[in-house]
Amino acid sequence: MIQAERLLKLPPYLFEEIDRRIQKAREEGIDVISFGIGDPDLPTPAHIVNACIEAAKKPENHRYPSSKGTQGFREAVAGRIKSDYGVELDPGSEVTSLIGSKEGVHNIHMAFVNPGDVVLYPNPGYPVYQISPGFCGGRAVPMPLSEENGFLPDLSKIPSDVAKKARIIWLNYPNNPTTATAEKSFYSEAMDFAVENDIILCSDEAYSAIAFDGYKPPSLIEIDGVMEHGIVFNSLSKTYNMTGWRIGYAVGCSDVVSGLVKLKGNVDSGAPQFIQDAGAVALNSSQECVAENIRVYAERRDTLVKGLRSLGFDVEAPKATFYLWMKIPSGDSMDFATNLLKTGVVVTPGVGFGEYGEGYVRFALTQPVERINEALERMESVV
Ligand code: PLP
């Protein structure tokens, strides 16, 4: 069967190649320690699982949900935003549920990008920003993230003719994969750029809750202009170890939210209501479970940073996210990752997140401390 051109045009998926290599290593009997995928190894907290079990018993939850989400879930999202950032939202028009934030990150393009429109995206970055614009005839234009710039895009380097054609600009802080964070002043600068060029400013804040040493990442939702030009995507996946549940949300400008909801109404029927009920419990309850997660990640981060430094690597302790972004001493990132895999240690080559990620590898802190120490011992033999 010949696939549609939009699929045939997709670049080869590097992560599939990495999976193939991991599979091969396992078949050869190698005990694999994977720092590859950003999928928490910790379980979803019990109070959320229990809420789901109770919600699944209710017959009203066995019927079609709405794409926009239940009133209870949208109110819980608005409540969390109010507690975290002091911003009041109308759960009726400024909030929608998502079937995981990836769904929204993709569908926002389908709702707002016309053929020929430009989408500005960070590179290295979460691959969906680069791929989805092509599905609606748009053109994804990279904004390089470099160490010299604190891994923030230099908006002044975007040519004005490109900016004029842009429909969407993506920001993602705390950032995957570089772990960089952005301050309010940067969000304001990005908002000015979006207003000047009449662009939708999309902020993907999937890692907003995972921050260390008392640091609290700001949000686009706090910035003037967001209710006219911006939308924030967030997720319960990383905050509450719920990647498998597929539940997220978007908040912001009501016109943008309603465009996304209109699109969703034509392609999906929303997240299951018992998942939304459990999600509402997660958002409304004490956030001590999140603080506990952070303590676990902090210990892993410190163990890995210390160990990598003692092996001679140049690595900084991240302020947020559960990743570590490490510069490799020489060569390309795919070779570095392939070499490490010989010892059973899996890291993601930076080039997998775009060409500007070359020269780095990413570790996900999704292994317990003992396995991190074991991985460090094994790495000693290859460095
Ligand atoms: N955005 C970023 C930056 C991510 O890294 C991920 C997942 O890894 C997502 C969005 C999607 O998360 P989910 O669809 O589980 O909400």
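What number, in percent, do you get for the relative contact order of the chain if the mean sequence gap of Cα pairs under 8 Å and at least 6 apart is divided by its residue count?
24
Separation between the Ile53 and Lys184 pseudo-spin-labels, each 7 Å from Cα along Cα→Cβ, expressed in nm?
Here the modelled spin labels are 4.4 nm apart.
Which links in Lys157/Lys238; Lys216/Lys306; Lys164/Lys264; Lys157/Lys342 stretch past 31 Å when you go from one Cα to the other?
Over 31 Å apart, Cα to Cα: Lys157/Lys238; Lys157/Lys342.
Which value results for Rg/Rh of the chain when Rg is the Cα radius of gyration and Rh the Kirkwood radius based on the inverse mean 1/r?
For the chain, the value is 0.96.
Based on DSSP H runs of at least 4 residues, each adding -39500 (n - 2.57), what is the mean residue ellipticity at 222 nm of the chain after dividing by all its residues, to the nearest 500 deg cm²/dmol?
Estimated from H runs of four or more residues: -12500 deg cm²/dmol.
Let me check the size of the range 262-383 from its C-alpha atoms; what are the radius of gyration and Dmax in Å?
18.7, 55
Quote to one decimal, in nm, the extra length available between Glu299 and Asp161 on full extension: 0.36 nm per residue of separation minus the C-alpha distance between them.
Here the answer is 45.0 nm.
Under a 1.4 Å probe, what is the accessible area of the range 199-356 per residue, stated in Å²?
So the range 199-356 comes to 35 Å² accessible per residue, rounded to a whole number.
With +1 assigned to the C-beta of every Lys and Arg and -1 to the C-beta of every Asp and Glu, and no other charges, what is the dipole magnitude of the chain about the Cα centre in debye, to the nearest 20? Don't jump to the answer; show the numbers that get you there.
Working: 36 positive and 50 negative charges, 170 e Å.
The dipole of the chain has a size of about 820 debye.
With no solvent and one point on each alpha carbon, what is the Debye value of log10 I(q)/I(0) for the range 202-287 at q = 0.15, 0.25 Å⁻¹?
Taken in order of the listed q values, log10 I(q)/I(0) reads -0.66, -1.32.
Evaluate E = 1/(1 + (r/R0)^6) for Val267 and Asp198, where r is the Cβ-Cβ distance and R0 equals 22 Å; express this FRET efficiency to the nearest 0.05.
Efficiency for this residue pair is about 0.25.
Please work out the C-alpha center-to-center distance from the range 320-345 to the range 103-174 and express it in whole Å.
Spelled out, the Cα-based centre of one part sits 26 Å from the other.
Of the peptides 337-349, 227-239, how do they stack up when ordered by the mean number of other Cβ atoms within 10 Å, highest first?
Going from most to least packed, we get 227-239, 337-349.
The values are calculated or read from the model by the stated rules, or taken from the named source; none is laboratory data. Values in this document were obtained by computation on a predicted structure and should not be read as measured data. Please note: Cβ atoms are built from the backbone with ideal geometry, for glycine as well, and neighbour counts cover all protein chains shown. To get the accessible areas, we keep the full protein, side chains included, count just its heavy atoms, and leave off ligands, DNA and RNA. Shrake-Rupley method; radii C 1.70, N 1.55, O 1.52, S 1.80 Å.
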